Amino acid sequence: MNAQTEKRLVPGPAGQIEVAIDLPPGGVASVGTALICHPNPTQGGTMDNKVVQTVARAFLQLGWRAVRFNFRGIGQSEGAWDGGRGEVDDALAVLDAVRVPGEALVLAGFSFGGYVASRAAQRMAEPAQRLVLVGPATSRFDTAPVPADTVVIHGEVDDVVPLSSVLDWARPQSLPVIVVPGVGHFFHGQLPLLKSLVVRAFDPARA
């Protein structure tokens with residue numbers, strides 16, 4: 001994504017997993033690690049998806065180390081699509097490989113990646129500080145309940161995951177949803193706004 005992107009392969013349950021680590025600019029120590037999960041690989045989703053990169057840039061601006069990775073069977077990651085089950089295992093394996101024990105952690109995901117982040121958060125022994133879900137695929141995958149301070153951002157006219165589905169998922173949790181008017185699933189033309197919303201949720205002074 002930038003000159004400070006480090007690529008590596010880490011061990012996973014289905015073989016090697018391709019990982020990209022973006023470091024904050026200027027060589028400053030990172031606040032923590034933000035793990036960002038990409039959209040459905042059966043529909044072309046990869047760690048280089050524009051929404052995933054936008055969320056990564058938001059965390060870089062906030063001083064976090066942004067970690068993206070390809071689910072099994074995508075790019076250089078080994079294995080094959082597992083319907084969402086093994087992909088959660090992939091996310092946890094990447095965390096085990098790159099996270100510094102005790103450091104702050106945010107789990108983020110776009111679309112299918114939002115489902116993965118929600119399920120990974122349930123299985124972590126040491127909880128994440130916060131979750132960020134963009135266009136979570138609540139109509140297609142059994143997205144888990146999330147903590148009350150989770151940041152959920154969704155487009156008003158999303159034609160992949162209807163807004164009504166996300167509201168139905170959020171309602172029993174009394175979970176607020178940030179709705180971006182006139183925007184579809186991939187935030188075409190509104191990626192700078194998406195970045196600003198993520199930054200503002202963590203540090204309003206930097207937005």
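The values are calculated or read from the model by the stated rules, or taken from the named source; none is laboratory data. Just so you know, these numbers come straight off a predicted model, no measurement behind them. Note: ideal-geometry Cβ built from the backbone for every residue, glycine included; neighbour counts use all protein chains shown. Side chains are part of the model used for accessible areas, which takes the heavy atoms of the whole protein and leaves out ligands, DNA and RNA. Shrake-Rupley method; radii C 1.70, N 1.55, O 1.52, S 1.80 Å.
Is there a residue being in contact (Cβ under 8 Å) with a residue 60 or more places away in the chain, within 27 Å of Pro25 (Cβ to Cβ) and not charged (D, E, K, R) anywhere in segment 86-96?
Looking through segment 86-96, at least one residue is in contact (Cβ under 8 Å) with a residue 60 or more places away in the chain, within 27 Å of Pro25 (Cβ to Cβ) and not charged (D, E, K, R).
Is at least one residue of segment 148-159 within 12 Å of Leu133 (Cα to Cα), surrounded by fewer than 14 Cβ atoms within 10 Å (Cβ to Cβ), at pLDDT 95 or above and not aromatic (Phe, Trp, Tyr)?
yes
Kindly indicate whether any position in segment 62-76 is farther than 18 Å from Ile17 by Cβ, out of contact with any Pro (no Cβ under 6 Å at 6 or more places or on another chain), touching a residue at least 12 places away in the same chain (Cβ under 8 Å) and open to solvent by 10 Å² or more (accessible area, probe 1.4 Å).
Checked against the condition, which is being farther than 18 Å from Ile17 by Cβ, out of contact with any Pro (no Cβ under 6 Å at 6 or more places or on another chain), touching a residue at least 12 places away in the same chain (Cβ under 8 Å) and open to solvent by 10 Å² or more (accessible area, probe 1.4 Å), segment 62-76 yields at least one hit.
Give segment 158-187 a look and list any residue that's out of contact with any strand residue (DSSP E or B) (no Cβ under 9 Å at 6 or more places or on another chain) and either in a loop (DSSP other than H, G, I, E, B) or of a type in the set (D, E, K, R) (or both), or say none.
Asp158, Asp159, Val160, Pro162, Asp168, Arg171, Ser174, listed by residue number.
Here are Leu163, Leu105: which of them is within 28 Å of Gly83 (Cα to Cα) and either over 18 Å from the mean Cα position of the chain (by Cα) or open to solvent by 10 Å² or more (accessible area, probe 1.4 Å) (or both)?
Matching residue, one of Leu163, Leu105: Leu163.
Of Val52, Val100, which residue is touching a residue at least 40 places away in the same chain (Cβ under 8 Å), closer than 21 Å to Leu9 by Cα and surrounded by fewer than 18 Cβ atoms within 10 Å (Cβ to Cβ)?
Val100
Does segment 114-124 hold any residues that are in a loop (DSSP other than H, G, I, E, B) and within 15 Å of Ile36 (Cβ to Cβ), and which are they?
none
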